[in-house]
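The values are calculated or read from the model by the stated rules, or taken from the named source; none is laboratory data. All figures in this text were calculated on a predicted structure; none of them were measured in a lab. No Cβ is skipped: glycine too gets one built from the backbone with ideal geometry, and neighbour counts run over all protein chains shown.
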Amino acid sequence: MPADTLPVQLNREELHVVEVPPSFEATGSFDIELVNHGTSVHVHLHLDDHLSDVASIEAANHFVDGESRRFVRVSVNGAVPASGKLKIASAYGAQTRYVDIDLVEPEPEEATVEVGESLSEPQPREERASEGGGSPFGVLSDSPELVVLALGVVAVAVAATAALVVDSTVVLVGALVVLVGVLVAMYVLVAAS
């Protein structure tokens, strides 16, 4: 698996010695960790032409205090895969090392979702009618047939009242049309369910 940080050991065995792995692989931007085991040292970092097409270093020259560590970011902003060499020189070229860098595409991660065992069992249904269904109309909201019947009864009652009060044949015919419409709507609802 590719690493995030390239370790570079400085002055560990003797003055100006640079110790690096022969190769390094990353899936994108990464850090160079400069670990100085001795006295202060200047370090020069350079990407060859192949790598500099897809990556960049924030600065080429770095001063690393004695007995300290410093991180230098290599930003990858081009197309991968790519490969090339990173040049690391200490003390103005007293010692130079090269690391083969391979920038690879990240492996696709498998997205998994864990499902609890309780979800595989049927869930009990809530009795909405006994609770009133959470609606001001209670049972009526759970059954569209009852809603149509209730509205139909109201419509027929209004039509019948108007026919009695107005005492007109036209109003009586209108009331009968409303009654027939309610009966047809009930039939359609019952037949559909």
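Data for the structure
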| read-out | value |
| --- | --- |
| Test: residue in the range 58-68 that is farther than 19 Å from residue 90 by Cα and not aliphatic (A, V, I, L, M) | no |
| The range 12-43 - residue that is more than 12 Å from residue 69 (Cβ to Cβ) and of a type in the set (S, T, N, Q) and, of those, modelled with the lowest pLDDT | 27 |
| Condition check for residue 99: in a strand (DSSP E or B), under 10 Å from residue 10 (Cβ atoms) and among the hydrophobic types (A, V, I, L, M, F, W, C) | no |
| Strands (runs of 3 or more DSSP E) wholly inside the range 12-67 containing at least 3 residues that are among the aliphatic types (A, V, I, L, M) | 30-36, 41-47 |
| Lone qualifier among 94, 111, 79, 89 - being without any contact (Cβ under 8 Å) to a residue 40 or more places away in the chain, in the same structural domain as residue 16 (by TED's automatic domain parsing) and hydrophobic (A, V, I, L, M, F, W, C) | 79 |
| Top-ranked residue in the range 37-56 [being surrounded by 18 or more Cβ atoms within 10 Å (Cβ to Cβ) and out of contact with any Gly (no Cβ under 6 Å at 6 or more places or on another chain); ranked as farthest from residue 76 (Cα to Cα)] | 41 |
| Residue selected from the range 104-138 under the condition modelled with pLDDT under 70 and not in a loop (DSSP other than H, G, I, E, B), by the criterion surrounded by the most Cβ atoms within 10 Å (Cβ to Cβ) | 133 |
| Filtered residues of the range 63-86 (kept if surrounded by 17 or more Cβ atoms within 10 Å (Cβ to Cβ) and over 36 Å from the mean Cα position of the chain (by Cα)) | 64 |
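This table checks each residue for (1) under 31 Å from the mean Cα position of the chain (by Cα); (2) without any contact (Cβ under 8 Å) to a residue 24 or more places away in the chain.
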{"position": "20", "(1), (2)": "no, no"}
{"position": "29", "(1), (2)": "yes, no"}
{"position": "33", "(1), (2)": "no, no"}
{"position": "36", "(1), (2)": "no, no"}
{"position": "40", "(1), (2)": "no, no"}
{"position": "49", "(1), (2)": "no, no"}
{"position": "53", "(1), (2)": "yes, no"}
{"position": "60", "(1), (2)": "no, yes"}
